[in-house]
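Remarks on the structure that follows.
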């Protein structure tokens, strides 16, 4: 049986799945609160000074939400967002971040054989051995 | 013995999974679904709801949700997956309707993809296709399929999903 890998591209996938993840988390929080106590979208809307229709569209993922609105909806039901970022592990990104470039050390050494002195200069620090 | 994974016209759909994500459910596609996936959905624009995700991204999202085993409904107020009459099922996004059925628990068969706006009335304009017609198309496709019985699973939502 054939299989088909459905791939919309990494950039689109990362962006859209993040938006979907935020929506999912809000829905999970709201469902948890609804299970624990009576809370309605109308109450959330009144708390935030907007209409139930707007809140419904935002919770359902039918309308783009600002970061502020994400936090406000969660606040209205007694939750808060938790957000952190991390570097993608090596090998898990189609477009790896460029390696950090460490400036090469500048080493300059001079040696004198006429008077038995060795002088080494490294990054403007001088060491002299006799 | 003709089962879903050994008849030639089905295609198993896979998607890119993130870290700590695993295939908890399976999705098989029939030819009409594959045609819609390849040729129709990429050209679709967001519909009247003006959703933040494009239809193609919505398709990735709903397949992702299904395959990694995320909840498909929360109580009565949110249903991304709805059972319809005659054991047909519908996966929903803002702009897409994926019509099909549940072959065995946690195995969805996608028959074809519809555009949500085509199932809604626009003022005096009737819907392009009714939900009943879509459901009947699913039944017709399923009946024609050379598949051993039972061709679909029956049971309550939580046991099948």
Would you be able to tell me the number of residues in the stretch B:47-62 that are free of Cβ contacts under 8 Å to residues at least 60 places away in the same chain and outside any helix (DSSP H, G or I)?
5
I'm trying to understand the selection: among the residues of the stretch B:32-46, which are assigned to a loop (DSSP other than H, G, I, E, B) and either touching a residue at least 24 places away in the same chain (Cβ under 8 Å) or under 14 Å from residue B:111 (Cα atoms) (or both)?
B:44, B:46
Residue B:82 vs (1) assigned to a loop (DSSP other than H, G, I, E, B); (2) at pLDDT below 90; (3) within 17 Å of residue B:114 (Cα to Cα): all pass except (1)
For the structure I just gave you, tell me whether residue B:147 is part of a loop (DSSP other than H, G, I, E, B), touching a residue at least 24 places away in the same chain (Cβ under 8 Å) and surrounded by 16 or more Cβ atoms within 10 Å (Cβ to Cβ).
yes
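For residue B:22, are the conditions met, namely being within 19 Å of residue B:98 (Cβ to Cβ) and either away from chain A (no Cβ under 12 Å) or not in a loop (DSSP other than H, G, I, E, B) (or both)?
On the way: within 19 Å of residue B:98 (Cβ to Cβ): no; either away from chain A (no Cβ under 12 Å) or not in a loop (DSSP other than H, G, I, E, B) (or both): yes.
Spelling it out, it is not the case that residue B:22 is within 19 Å of residue B:98 (Cβ to Cβ) and either away from chain A (no Cβ under 12 Å) or not in a loop (DSSP other than H, G, I, E, B) (or both).
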So residue B:78 passes all but one of these: (1) farther than 19 Å from residue A:7 by Cα; (2) touching a strand residue (DSSP E or B) at 6+ places or on another chain (Cβ under 8 Å). Which condition number does it fail?
(2)
Are any of the residues in the stretch A:49-66 surrounded by fewer than 16 Cβ atoms within 10 Å (Cβ to Cβ) and farther than 28 Å from residue B:54 by Cα?
yes
Looking at the stretch B:64-78, is at least one residue in contact (Cβ under 8 Å) with a residue 24 or more places away in the chain, under 25 Å from residue A:22 (Cβ atoms) and buried (at least 23 other Cβ atoms within 10 Å of the Cβ)?
yes
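Just to verify a result, which residue in the stretch A:50-67, among those that are under 30 Å from the mean Cα position of the chain (by Cα) and outside any helix (DSSP H, G or I), is farthest from the other protein chains (Cβ to nearest Cβ)?
A:50
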For the stretch B:92-134, how many residues meet the condition of being over 11 Å from the mean Cα position of the chain (by Cα) and not in a strand (DSSP E or B)?
21
What's the number of the condition residue A:46 fails, among (1) surrounded by fewer than 14 Cβ atoms within 10 Å (Cβ to Cβ); (2) free of Cβ contacts under 8 Å to residues at least 12 places away in the same chain; (3) over 22 Å from residue B:92 (Cβ atoms)?
(1)
In the stretch B:45-65, anything more than 8 Å from chain A (Cβ to nearest Cβ) and over 11 Å from residue B:93 (Cβ atoms) is listed as B:45, B:48
Exactly one of these conditions fails for residue B:29: (1) touching a residue at least 60 places away in the same chain (Cβ under 8 Å); (2) more than 10 Å from chain A (Cβ to nearest Cβ); (3) farther than 24 Å from residue A:15 by Cβ. Give me its number.
(2)
Is it true that some residue in the stretch A:72-94 is closer than 30 Å to residue B:27 by Cβ, more than 11 Å from every other protein chain (Cβ to nearest Cβ) and not in a helix (DSSP H, G or I)?
yes
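Is it the case that residue A:45 is out of contact with any strand residue (DSSP E or B) (no Cβ under 8 Å at 6 or more places or on another chain) and either at pLDDT below 95 or more than 8 Å from chain B (Cβ to nearest Cβ) (or both)? Explain how you work it out, then say what you get.
Values: out of contact with any strand residue (DSSP E or B) (no Cβ under 8 Å at 6 or more places or on another chain): yes; either at pLDDT below 95 or more than 8 Å from chain B (Cβ to nearest Cβ) (or both): yes.
Yes; evaluated as a whole, the condition is true for this residue.
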Taking the stretch A:31-46 and keeping residues more than 23 Å from residue B:52 (Cβ to Cβ), in a helix (DSSP H, G or I) and in contact with a helix residue (DSSP H, G or I) (Cβ under 7 Å, 6 or more places away or on another chain) leaves A:42
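The values are calculated or read from the model by the stated rules, or taken from the named source; none is laboratory data. This one's a predicted model, so the numbers in the text were calculated from it and none came from an experiment. Note: ideal-geometry Cβ built from the backbone for every residue, glycine included; neighbour counts use all protein chains shown.
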